[in-house]
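The values are calculated or read from the model by the stated rules, or taken from the named source; none is laboratory data. What you see is a predicted model, and the numbers here were worked out from it, not measured in a lab. Virtual Cβ from ideal backbone geometry, glycine too; neighbours counted across all protein chains shown. Only protein heavy atoms, including side chains, enter the accessible area calculation; ligands, DNA and RNA are left aside. Shrake-Rupley method; radii C 1.70, N 1.55, O 1.52, S 1.80 Å.
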Amino acid sequence: MPIKLVTTVADLHAESARLLTGKRGTSQGLVPTMGALHEGHAALARAAVGQNDVVVASIFVNPLQFGDATDLDRYPRTLDADLALLEAQGVDLAFAPAVEEVYPGGEPLVRITSGAMGEKWEGVSRPGHFDGALTVVAKLLHYGIPGTGLPAGEGAEGGLPAYRAYFGQKDAQQLALVRRMVADLNFPVDIVGVPTVRSADGLALSSRNRFLSDDEREAALVLSRALRLLEERAKAREPLDLESALAMVESHPLVSVDYFDVVDPGTLEPLAENCRETPFRGEALALIAAKVGPVRLIDNMPLSS
Ligand code: AMP
């Protein structure tokens, strides 16, 4: 079926209701994105299409989560290609609202606060980023609640359809914060995390990769190599020896590390003992952020033994 583009919340609800009625409305999936879509986003869309009767992908570059106006202006906008990619995965509806549709009264006075978990790691160099991101995710999760446009009594056996939203493990801190927001504030949605999609040489796909020169792209591979090294050490129940992995990344002249650490996947607190002499046991998450030339990249790897 061709994808349908809607730009208003009213049309989103009407179209979703039409599709849910036709499909007896057992489930709806939401895939929030900022556009400039690549295979990583396609994996989210495919996961959603595989698990739901109706799938909505949103495309919205959220001004609230950009500290810097030039960064916001520079963000790539590729709507036609995005729609083609989403249609190829079987997404039913693309919701691409204007800024005024999402923030009709200007910037919201009341926002989601990400708290201490949003102030570390990415939050250090991007103050306010996660408050802005969670605020728009909260709004998108509300817009996407299935059944909003259905007549009373429609939907799965008269009840509301199931509701799932899909986020990439690539943005591990965002995923952890969204899970906490949904749990702490009782949002009626299941959050599904999708593993990071990488190019064959290991580089995590990102809309920022297009800003890397050939040399920088080559240099950026050291991030995923270092993460893989930790993954192997964790699997082998060896000490992670984070210092040697860090030295490997820092030895590259084009790469400047912002942070590289091993944390608890739920709280994002560092797991100091696992990094040095102790053999690794259990579950953890390795996080890295670095500037490669002028481009800031993030990556991470779940560790388990
Ligand atoms: P963005 O458009 O960058 O805000 O990303 C939208 C969603 O796609 C987020 O949940 C990201 O975590 C996810 N995503 C971005 N890159 C990847 C990737 N390489 N693999 C899996 N998911 C990704």
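Before moving on, here are some points about what is shown:
- Candidates L19, L12 - the one that is in contact with a Phe, Trp or Tyr (Cβ under 7 Å, 6 or more places away or on another chain) and either crowded, with 19+ Cβ neighbours inside 10 Å or at pLDDT below 95 (or both): L12
- Per-region count, segment 44-77, residues of a type in the set (V, I, T) and within 11 Å of the ligand (Cβ to nearest atom): 2
- Pairs where the first residue, in segment 161-179, is within 22 Å of P127 (Cα to Cα) and the second is away from the ligand (no atom under 11 Å from the Cβ) and assigned to a strand (DSSP E or B), C-beta under 7 Å, 6+ apart: A172/L285; A172/L287
- Where strands (runs of 3 or more DSSP E) fall entirely within segment 2-98, those with at least 1 residues that are more than 18 Å from K139 (Cα to Cα) are at 4-6, 27-33, 54-59.
- Residue in segment 48-57 that is under 18 Å from the mean Cα position of the chain (by Cα), surrounded by 17 or more Cβ atoms within 10 Å (Cβ to Cβ) and of a type in the set (S, T, N, Q) present: no
- Scanning segment 180-212 for residues that are open to solvent by 50 Å² or more (accessible area, probe 1.4 Å), outside any strand (DSSP E or B) and either without any contact (Cβ under 8 Å) to a residue 40 or more places away in the chain or more than 14 Å from the ligand (Cβ to nearest atom) (or both) turns up R180, A183, D184, L185, N186, P188, A200, D201.
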